[in-house]
1. Considering only protein heavy atoms and a 1.4 Å probe, what is the carbon-and-sulfur percentage of the accessible area of region 56-101?
2. Provide the per-residue ³J(HN,Hα) series for region 57-68, in order, calculated from phi with Karplus coefficients 6.51, -1.76, 1.60 and θ = phi - 60°, each as a whole number of Hz, with x at glycine and proline positions.
3. Only sites in a loop by DSSP and with at most 15 other Cβ atoms within 10 Å count here; which GluC sites (Glu not before Pro) in region 1-96 make the cut?
4. Identify which of the listed values of Rg/Rh (Cα atoms, Kirkwood Rh) was calculated from the structure shown: (1) 0.96; (2) 1.40; (3) 1.02.
5. With every protein chain kept in place and ligands, DNA and RNA left out, what is the accessible area per residue of region 1-63? Probe 1.4 Å, answer in Å².
6. Tabulate in residue order the Karplus-calculated ³J(HN,Hα) for region 89-101, using 6.51 cos²θ - 1.76 cosθ + 1.60 with θ = phi - 60°, rounded to whole Hz; enter x for Gly and Pro.
7. Between Ser44 and residues 5 or more places away or on another chain, which pairs have amide H atoms under 5 Å apart, with H built 1.01 Å from N, and which residues are they?
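The values are calculated or read from the model by the stated rules, or taken from the named source; none is laboratory data. Since the structure is predicted, the reported quantities are computational estimates derived from the model, not experimental observations. Glycine also receives a Cβ, built like all others from the backbone with ideal geometry; neighbour counts cover every protein chain displayed. What goes into the accessible areas is simple: the full protein's heavy atoms, side chains included, and nothing from ligands, DNA or RNA. Shrake-Rupley method; radii C 1.70, N 1.55, O 1.52, S 1.80 Å.
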Amino acid sequence: MSHFDKHVFFCTNQRDNGEDCCGNRDAKKARNYVKDKVRELGISNRKNTIRINSAGCLDRCDDGPVLVIYPEATWYTFVDEKDLDEIIVEHLQHGRIVERLKI
């Protein structure tokens, strides 16, 4: 059994060589947004633990920015806060995969 009900990893990798990466697409800002929103909504508590983390390169640069949610191992891409809100409500709150953002 996992320690967390949901564990969300955001690729926040920044490449030094100037190649495209999630770090160039405001991945850290997105991670902070989701972390704050989960806290604000109160959906991570003693009964339902949701952990939001940064990750190094997840090797999906062409699909980026990306995040992955475990234990389902569901990979998402996103464009803006509207997409992130949909992932929060549908997947993190209700356990439903957001097919349109899944990669």
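1. Numbers: 1120 of 2390 Å².
Roughly 47 percent of what the probe reaches on region 56-101 is carbon or sulfur.
2. Residue by residue, region 57-68 yields 4, 9, 6, 10, 3, 5, 9, x, x, 10, 9, 9 Hz.
3. Numbers: sites: Glu19, Glu40, Glu72, Glu81, Glu86, Glu90; in loops: Glu19, Glu72.
Answer by residue number: Glu19, Glu72.
4. Looking at Rg/Rh (Cα atoms, Kirkwood Rh) for this model, the match is (1).
5. Values: 4220 Å² over 63 residues.
Result: 67 Å² per residue.
6. Karplus values, whole Hz, x for Gly and Pro: 5, 6, 7, 6, 7, 10, x, 9, 5, 8, 4, 5, 9.
7. none
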